[in-house]
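Quick notes on the structure that follows.
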Amino acid sequence: MKSHILVIIQFSTIFLMLLPLGGDITHLYAGTVLIALGLVIGIAALYKNRLGNFNIRPDIKEGGVFVNEGIYHYIRHPMYTSVLTGMFGVLVAYANIYAAVLYLILFINLLVKMFYEESLWHCKDERYKEYVQNTHRLIPYIYFRGFI
């Protein structure tokens, strides 16, 4: 149930951020570059983590396979990085308080989702502890390695 709620919050927030609601686009080019970067990161993640293994919920899929190649060699959660980068592009494009509040909600929700997913992997796969020591959560060399 927790997983479903986290996904509902995530997609609802994204949907609301994409609604213009009378806001003017003030930084179109910068926002577009960030959205495109988010898409590239997401495609790189899907390339290594095939759709049959991929899950939008933080729960580990039945028969799910641990992936640590490609972009996963550097970042444990490239899909979260993808979403946060792309939606930061939306925030930059609209540059208003409405988008900022929604982005903050999205960011906190994804952090909760990420920590929950990591706790499940720690219980499921012995290799995950070593993987945590050799990768960063969201952004290489910026967002810390360890499990907290």
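Each reported figure results from applying straightforward, stated rules to the coordinates on display, with no laboratory input. Note that the structure is a prediction, hence the values are computed from the model and not measured. All Cβ positions, even for glycine, are placed from backbone atoms using ideal geometry, and neighbour counts span all protein chains on display.
Loop-only trypsin sites (Lys or Arg not before Pro) in the range 44-90, please: DSSP not H, G, I, E or B, and at most 15 other Cβ atoms within 10 Å. Could the numbers behind the result be given before it?
Working: sites: Lys48, Arg50, Lys61, Arg76; in loops: Arg50, Lys61, Arg76.
Here the trypsin sites (Lys or Arg not before Pro) that fit, given the DSSP loop and packing criteria, are Arg50, Lys61.
Rounding to the nearest 20 debye, state how big the charge dipole of the range 2-134 is about its Cα centre with +1 on each Lys and Arg Cβ and -1 on each Asp and Glu Cβ.
On the way: 10 positive and 9 negative charges, 28 e Å.
Computed about the Cα centre, the dipole is about 140 debye.
Expressed as an acute angle from 0 to 90° and rounded to the nearest 10, what is the orientation of the C-alpha long axis of helix 2-18 relative to the principal long axis of the chain?
Taking the Cα atoms of the chain, the angle to 2-18 is about 30 degrees.
Counting each DSSP H run of 4 or more residues in the chain as -39500 (n - 2.57), what helix-only mean residue ellipticity at 222 nm follows after dividing by all residues, to the nearest 500 deg cm²/dmol? Don't skip to the end; give the middle numbers.
Values: 5 runs with 91 residues, N = 148.
So the calculated ellipticity at 222 nm is -21000 deg cm²/dmol.
Using the 10 angstrom Cβ neighbour count as an exposure proxy, how do Ile71, Ile25 rank, fewest first?
On the way: Ile71 22, Ile25 13.
The most exposed by this proxy come first: Ile25, Ile71.
With a/c under 1.5 counting as rounded, go ahead and sort the range 1-88 into rounded, prolate or oblate using the C-alpha gyration tensor (a ≥ b ≥ c being the square roots of the eigenvalues; past the cut-off, prolate if a/b is larger than b/c, else oblate).
oblate
By its C-alpha gyration tensor, with a ≥ b ≥ c as the square roots of the eigenvalues, how is the range 78-148 shaped: rounded for a/c under 1.5, else prolate for a/b larger than b/c, else oblate? Walk me through the numbers before you get to the answer.
Values: a/c = 3.33, a/b = 2.24, b/c = 1.49.
Prolate, because a/c is 1.5 or more and a/b exceeds b/c.
Report the full-extension gain for the segment Leu28 to Cys123: residue separation times 0.36 nm, less the Cα-Cα distance, to one decimal in nm.
On the way: separation 95, 0.36 × 95 = 34.20 nm, distance 4.37 nm.
Full-extension gain reported as 29.8 nm.
Would you list Val90, Val40 from fewest to most Cβ contacts within 10 Å? Display every interim value, and only then the final one.
Numbers: Val90 22, Val40 14.
Fewest-to-most ranking of Val90, Val40: Val40, Val90.
Starting with the fewest neighbours, write out Ile60, Ile108, Ile97, Ile75 ranked by other beta-carbon atoms found within 10 Å of each beta-carbon. Walk me through the intermediate numbers first.
On the way: Ile60 17, Ile108 12, Ile97 9, Ile75 22.
Ascending number of Cβ neighbours within 10 Å: Ile97, Ile108, Ile60, Ile75.
Computed from these coordinates, which is semi-axes √(5λ) of the Cα gyration tensor in Å: (1) 29, 23, 12; (2) 24, 19, 15; (3) 28, 16, 14?
Among (1) 29, 23, 12; (2) 24, 19, 15; (3) 28, 16, 14, the one derived from this structure is (3).
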